[in-house]
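The values are calculated or read from the model by the stated rules, or taken from the named source; none is laboratory data. As the structure is a computational prediction, the values presented were derived from the model and not from experiment. Methodologically, a virtual Cβ is constructed for each residue, glycine included, from the backbone with ideal geometry; neighbour enumeration extends over all protein chains shown.
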Amino acid sequence: MPEYKAPLRDMQFVMQELLDCETHYQNLGYEDATPDMVSAIMAEAGKFTEEVIAPINQSGDEQGCKWEDGVVTTPDGFKEAYQQYVEGGWPTLSQPVEHGGQGLPHSINTAIGEFLSAANHSFAMYPGLSHGALATLEAHGSDEQKAMFMPKLVDGTWTGTMCLTEPHCGTDLGMLRTKAELNDDGSYSLTGTKIFISAGEHDLSDNIVHIVIARVPGSPEGTKGISLFVVPKFNVTADGEVADRNGVNCGSIEHKMGIHANATCVINFDGAKGYLIGEVNRGLNCMFTFMNAARLGVANEGVAAADAAFQGSLAYAQDRLQMRSLTGAKNPNGPADPIIVHPDVRRMLLTQKSIAEGGRALNGYLAQLVDIVEAEKDPAKRAEAESKLALLTPIAKAFLTELGLECTSHGVQVFGGHGFIKEWGMEQLMRDTKISCLYEGTTGIQALDLLARKILGSKGEMIKPFAAEVTQFCTENVTDEQMSEFVKPMITIAPNWQKMTQEIGMKAMQNPDEIGAASVDYLMYSGYLTLAYFWAKMAKVAFTQLAEGTEDKAFYEAKIKTARFYFARILPRAQGHAACIENGAASMMAHDEEEFLF
């Protein structure tokens, strides 16, 4: 199993040099979030993930979770590791002070989330879902609900889940059947079954708080009749203490492709007592708070997978001896050269490296936008941040998970036959990562959200704030000779983004299927362009540091070389997606159903 090392130096580069977190935090009033404090937190988080969380990753996969009569037992070491996680105060970092949190910025927690997910995807999901539950209660819950549930969710004594999907409805939540009937005391009784509930039952925490969508009798059909409820595993007193068992039970756990150490549950609600969050029939609006937080978390999983795959692949490629270099022996005293000398191995390693580091920059940027939405006093600045988040969230979620999965495939390939063997850990990484392409809406769903609902739905307005930022960067650096190799391709590609959007909109007026046919290619095109922007920005920082005579010369030179690889070997993929979009829906929709058989 590859040994995980938290990428502390690169995280410092992204947070402090690329994104200037010091100025960012001071502008938002986070006085305690100094560079020294951020570095100290990252160092401790790195140590914790390396020494406590990573060592139980492979054993957790082998043992998996066990279900017996509604009780789920996590693999050996998970309960102890979670206890250390809670005792270390990690759940409280970015939570409100009034509910027992430390009040630090969301972006610090995002960085730590990457470490956790890369070290042990299954473990990271147990506390990870609690953040979405907390965000939902904080944004939409009543004062009484916050007092009942938030303190123990904040300190990690309790964990949270999101209960959306049902056996018959999948992504089409308007088909849900779970019902919520009003009780005399103002609470509701929920009855129904939810499936695919990650961390829905386990032995890590004293209580599990489910955020559940259901339909109140008499509500409209479809998504307009969805309401949102908070439903605890154990009932809770007004002062937040555990009482008797609620009508919530785990009917079974799924036998899955990966993340075996995280319990994916069938949860049955049998007259379970719950509390309405927000207004009746406004549940989906409230639920998007949880879903958007979860989508950003899943984007982080994609980057984590790419980095973990890169770390394992690099160590193996430096050690494994196979054949001689085409340009002559590089290890003349050995029987063969290490495989890192071979161009195709380097292609895979640099793909992993460029996606992991570029994705880390994108996720760091998105996390700072969340900071602005949460803490900025200026409404105009908040609105701009919200607009950029709305645009980039589906891109980051789908693009980074698809490429994260690709990077894990490269990991298996670098190891050759050994990559297909369990003991090396690369096949587990690939199995664990595939789910990230499905969580919180598949790649196709994210693509439709981006193109149909956000871009075309806003008549192109939503693209403008981020496009203006990219254009400004290009304008400021177009005369910089060092930056021309990065700026010129973007000047060519960026205008095509808006032109392509207009052309899809025109085609869709004649045939709505053009939107569905173009959407995934459109999202991937957008993703490659977005990552190019962040690689160009990273190259700019590296050139500046080298010009100032940095002592860390090798780090910055490697950053520039990786940027060149991205622009030379990864960004050209965007043109293939553009060609697919231009070719339209005709070839996709030409077959009659029976013709698929031939």
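General remarks:
- For the stretch 299-315, the criterion of being within 18 Å of Ile208 (Cα to Cα) and of a type in the set (Gly, Ala, Ser) is met by none of the residues.
- The residues of the stretch 209-239 that are over 18 Å from Thr165 (Cα atoms) and of a type in the set (A, V, I, L, M, F, W, C), listed by number, are Phe234, Val236, Ala238.
- The listed residue being of a type in the set (D, E, K, R), part of a helix (DSSP H, G or I) and over 23 Å from the mean Cα position of the chain (by Cα), out of Lys459, Lys464, Lys434: Lys464
- One residue alone among Glu440, Glu402 is closer than 26 Å to Leu19 by Cβ and at pLDDT below 95, and that residue is Glu440.
- Residue within the stretch 265-277 that is polar (S, T, N, Q) and outside the structural domain of Gly417 (by TED's automatic domain parsing) present: yes
- Selection status of Met1, aliphatic (A, V, I, L, M), crowded, with 17+ Cβ neighbours inside 10 Å and not in a loop (DSSP other than H, G, I, E, B): no
- Output for the stretch 411-422, where each listed residue is in contact with a helix residue (DSSP H, G or I) (Cβ under 8 Å, 6 or more places away or on another chain) and farther than 17 Å from His121 by Cα: Val412, Gln413, Val414, Phe415, His418, Gly419, Phe420, Ile421
- Taken together, the residues in the stretch 165-182 that are in contact (Cβ under 8 Å) with a residue 60 or more places away in the chain and surrounded by 16 or more Cβ atoms within 10 Å (Cβ to Cβ) amount to 3.
Every residue, every condition in (1) of a type in the set (A, V, I, L, M); (2) assigned to a helix (DSSP H, G or I), yes or no:
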{"position": "Leu326", "(1), (2)": "yes, no"}
{"position": "Tyr365", "(1), (2)": "no, yes"}
{"position": "Ser387", "(1), (2)": "no, yes"}
{"position": "Leu392", "(1), (2)": "yes, yes"}
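- Residue list for the stretch 419-458, filter: in contact (Cβ under 8 Å) with a residue 60 or more places away in the chain, acidic (Asp, Glu) and under 19 Å from Asp61 (Cα atoms): Glu423, Asp432
- Residue in the stretch 406-430 that is surrounded by the fewest Cβ atoms within 10 Å (Cβ to Cβ), counting only those that are among the β-branched types (Val, Ile, Thr) and part of a helix (DSSP H, G or I): Val412
- For the stretch 323-355, taking the residues that are in contact (Cβ under 8 Å) with a residue 40 or more places away in the chain and of a type in the set (S, T, N, Q), the one that is nearest to Thr408 (Cα to Cα) is identified as Gln352.
- Residue within the stretch 344-360 that is within 30 Å of Ala139 (Cβ to Cβ), buried (at least 23 other Cβ atoms within 10 Å of the Cβ) and in contact with a helix residue (DSSP H, G or I) (Cβ under 7 Å, 6 or more places away or on another chain) present: yes
- Only one of the numbered conditions (1) surrounded by 14 or more Cβ atoms within 10 Å (Cβ to Cβ); (2) in a helix (DSSP H, G or I) is violated by Glu440, and that is (2).
- Against the conditions (1) surrounded by fewer than 19 Cβ atoms within 10 Å (Cβ to Cβ); (2) part of a helix (DSSP H, G or I), Leu451 satisfies every one except (1).
- When the criteria are applied in full, Ser458 meets the requirement of being polar (S, T, N, Q) and surrounded by fewer than 17 Cβ atoms within 10 Å (Cβ to Cβ).
- Flag if Ala375 is over 24 Å from Leu403 (Cα atoms), at pLDDT 95 or above, assigned by TED's automatic domain parsing to the domain that holds Ser313 and among the hydrophobic types (A, V, I, L, M, F, W, C): yes
- Per the listing Thr351, Thr401, Thr393, the residue uniquely over 18 Å from the mean Cα position of the chain (by Cα), more than 14 Å from Tyr316 (Cβ to Cβ) and β-branched (Val, Ile, Thr) is Thr351.
- Any hit, the stretch 145-159, residues being assigned to a strand (DSSP E or B), touching a Ser or Thr at 6+ places or on another chain (Cβ under 7 Å) and surrounded by fewer than 24 Cβ atoms within 10 Å (Cβ to Cβ): no
- Only listed residue being in contact with a Cys (Cβ under 7 Å, 6 or more places away or on another chain), touching a residue at least 12 places away in the same chain (Cβ under 8 Å) and of a type in the set (Gly, Ala, Ser), chosen from Gly77, Gly64, Gly60, Gly70: Gly70
- Criterion violated by Met257 - all others in (1) surrounded by fewer than 22 Cβ atoms within 10 Å (Cβ to Cβ); (2) of a type outside the set (D, E, K, R); (3) within 23 Å of Arg177 (Cα to Cα) satisfied: (3)
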